[in-house]
């Protein structure tokens, strides 16, 4: 099966289009948070729908010096937009944000190819879900081995909320505090 978490309308469109044309058919699970429907940053230009196709890993749209990059953030879903806004606010030019649009099967070749451009950077998986939920448990078990098979020997660490029985705190104020802490830890040196 394919599990995906597209971060733009164009990516979602190309994913569904690929699914419609795929033979043999396989199940497709798509995660799409409602908050991205209202987010202006998570929009696509009309030409993005008419050209290209679904890409399981999207590069960082910011043009940064690859030799100066000290951290590569791998993430998926709506946290991408929060990380990009936090990076812009900080004026950070040493952190690259790669969007993993397809979670399973893990696009190890595409991730490894994207990571090769930043040989001096640490690799961090960032998610806003608790550590025992979301994509991290699956990625922690599978991604390091798949990247090692592609020649990638750097370790992988995670930045996320503490493990929890519930995906939400139940308090908006506490959620905001946890989210601010998550973004701070994602960029901390």
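Structure data summary
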quantity: Footprinting exposure proxy for 187, 138 (fewest neighbouring C-beta atoms within 10 Å first); calculated: 138, 187
quantity: Structure-derived log10 I(q)/I(0) by the Debye sum over Cα atoms at q = 0.11, 0.15, 0.17 Å⁻¹ - corresponding label in [x] -0.49, -0.95, -1.24; [y] -0.49, -0.89, -1.12; [z] -0.63, -0.92, -1.07; calculated: [x]
quantity: C-alpha center-to-center spacing [segment 65-126, segment 11-37] in angstrom; calculated: 22
quantity: Ordering of 14-25, 153-164 by packing [mean C-beta count within 10 Å, highest first]; calculated: 153-164, 14-25
quantity: Beta bridges per DSSP with both ends in segment 55-187, % antiparallel, nearest 5; calculated: 10
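None of the figures in this text is laboratory data; all of them are computed from the coordinates on show. Remember, predicted model here, so these are calculated numbers, not experimental data. Positions of Cβ are generated from backbone atoms using ideal geometry, with glycine treated the same way; all protein chains shown enter the neighbour counts.
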